[in-house]
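All remarks here apply to the structure that follows.
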Amino acid sequence: MSGHAVPADISGHMLDLDEDDDLDVFSKNTCLTDEGPVPNSPSSMVNQYRLEDDEEQQDANAKDLFISVDDPESHITAIETYIMYRVVTKTTRSDFDSSEFEVRRRYQDFLWLRSKLEESHPTLIVHPLPEKFVMKGMVERFNDDFIETRRKALQRFLSRISEHPVLSHSQHFKVFLTAQDLAPHKKQGSGFLSRMGETMRAVANSVRGVKDRPEEFEVLQDYVENFSSKISSVDKVTQRIIKEQREYLDELRQYSSTYAQWAGSEENLSEPLKGVASCAERCCKETEERIQHLSEVLVPALHEYVLCAETLKAVMRRRDNIQAEFEAKSDALASRRSDLDALQDEVDELADRMDKSNSALHVDWSRWRNAMRTDLKAAFTSTAEKNVEYYEKCLAVWESFLVSQRGESISQRD
């Protein structure tokens, strides 16, 4: 696995960026005193923004299910190539037959788990999986960076499920973590015709729409649309920033090389030119670190919640479908009194299901939003810390150069 190399330029493979779709930037006036040198560490400024983690520590102490995804192995057959990951589970739950399990799973197995969780709990927010292909036009799917990025995303997916108060107790989740062979379990469930019928009903309900969505879910719908628009915009702008930073890094390297070559032909200016070249080279390293940090910390967090936004939209659609079916049955009950008893049972069942779905989504929404805010706040804070560190280091580099040149000038005059 590659460790600290700057990721390749992915800007050409990601979604097309609208150059005019910029974000508003808010600035805050700051004052720096002229006394004393610029601090080498940003801790004096960022400490006041540190996240409170007492609640997270308490949650960690209460966990009874620990899952890790590691040790990816490539498998090549006559018809396909795929990666198998080791999934290790440690638990203190009494409904498990053992305290530790180890299984091998491929990406399709994670897809099966997620589809089963959504099928069993249509109005709960099931954390998204990484896309099957992360980048458009990607030729080499199984390079080290791709595998490690996917491993982290799969680890996060399982961690989110294990932390969920309902989904973590799903029988499908338990099977996924413990069964050595998933094939027999995948064969179980509704058949093709049954799934086709459910799909057709969902399409019909979607076309029919809901007559009177509860106000709280109107508010949720608006929030989801706004959140999706904003997080997608931030994701695009961040991709553009990374692209521009890579271009700036290339130019800075040329800048450093030019000064280094110039120093060889100017004997009287050799030292100052070499100093500028050295400063530019050191700034290159800091810029490279900053690009890596943005690519490995901020971009994954943003893109994960772009996918979350699509998940939320799907959850809202499924909730609306349940309400649409309830309303359709209610209308049928009012117009066809001869089928009163049978329809009444269906209406009562759907009313109960709608109430439970609304309650489940309401509770899960609050839990998801808190997790989202914590994740993005951590990513933004980490990026801010890195930005402060980056600019302070670059400032220190150029200040040291100025000091050295002033000292040299004084000595020459003497």
Q.
Take residue 84 and residue 211, extend 7 Å from each Cα along the Cα→Cβ direction, and tell me the distance between the two endpoints in nm.
A. 5.5 nm
Q. Tell me, what is the per residue accessible area of the range 75-176 in Å², probe radius 1.4 Å?
A. 49 Å²
Q.
So if I take the centroid of the Cα atoms in the range 76-122 and the same for the range 335-387, what is the distance between those two points in Å?
A. 25 Å
Q) Amide H of residue 170: which non-local residues (sequence gap of 5 or more, or other chain) have their own amide H closer than 5 Å, using H built in the peptide plane? A) none
Q: Mind giving me the nanometre distance, one decimal, between the label points for residue 155 and residue 270, set 7 Å out from Cα along Cα→Cβ?
A: 5.1 nm
Q | Summed residue charge, Cβ within 12 Å of residue 219's Cβ, Lys/Arg positive, Asp/Glu negative | A | -4
(Q) Pairs of alpha-carbon atoms within less than 8 angstrom and 6+ residues apart define the contacts here; what relative contact order does the range 227-386 have, in percent? (A) 26 percent
**Q.** Net length gained if the chain between residue 413 and residue 178 were fully extended (0.36 nm per residue, minus Cα distance)
**A.** 76.7 nm
Q: Find how much the distance from residue 104 to residue 370 grows on full extension, using 0.36 nm per residue of separation minus their present alpha carbon separation; answer in nm with one decimal.
A: 92.6 nm
Q: Work out the count of Lys pairs in the range 62-183 where the Cα-Cα distance is under 19 Å, with the pair 8 or more places apart or on different chains.
A: 7
Q. Mind listing the phi-derived Karplus ³J(HN,Hα) values for the range 294-310, rounded to whole Hz, using 6.51, -1.76 and 1.60 with θ = phi - 60°, and x for any glycine or proline?
A. 4, 6, 9, 10, 6, 4, x, 5, 5, 5, 4, 7, 5, 5, 4, 4, 5
Q: Go through the range 165-181 residue by residue and turn each phi into a ³J(HN,Hα) via Karplus (6.51, -1.76, 1.60, θ = phi - 60°); whole Hz please, and just put x for glycine and proline.
A: x, 10, 4, 5, 9, 5, 5, 5, 5, 5, 4, 4, 7, 10, 6, 5, 10
Q | Straight-distance crosslink candidates among lysines, where the alpha carbon sits under 23 Å from residue 393 and sequence neighbours closer than 8 are dropped | A | 28, 243, 274, 285
Q) With θ set to phi - 60° and the Karplus curve 6.51 cos²θ - 1.76 cosθ + 1.60, what are the ³J(HN,Hα) couplings of the range 146-156 in order, to the nearest whole Hz, using x for Gly and Pro? A) 4, 5, 5, 4, 5, 4, 4, 5, 5, 4, 5
Q: For residue 106, enumerate residues with amide H under 5 Å from its amide H, sequence gap 5+ or separate chain, H modeled in the peptide plane.
A: 85
Q | Diffusion coefficient, µm² s⁻¹, Stokes-Einstein with Kirkwood Rh over alpha-carbon pairs of the range 62-183 at 25 °C and 0.890 mPa s | A | 161 µm²/s
Q | Distance (nanometres) between label positions extended 7 Å along Cα→Cβ at residue 348 and residue 171 | A | 2.6 nm
**Q.** For the range 206-413, the Rg and Dmax computed from alpha carbons only, in angstrom
**A.** 30.3, 110
Q.
Assuming 0.36 nm per residue, please report the length gained on full extension of the stretch residue 94 to residue 144 beyond their Cα-Cα distance.
A. 14.2 nm
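The values are calculated or read from the model by the stated rules, or taken from the named source; none is laboratory data. None of the values given here were measured: they were computed from a predicted structure. Don't worry about glycine lacking a Cβ; one is built from the backbone with ideal geometry, like all the others, and counts go over all protein chains shown. Heavy atoms of the whole protein, side chains included, go into the accessibility calculation; ligands, DNA and RNA do not. Shrake-Rupley method; radii C 1.70, N 1.55, O 1.52, S 1.80 Å.
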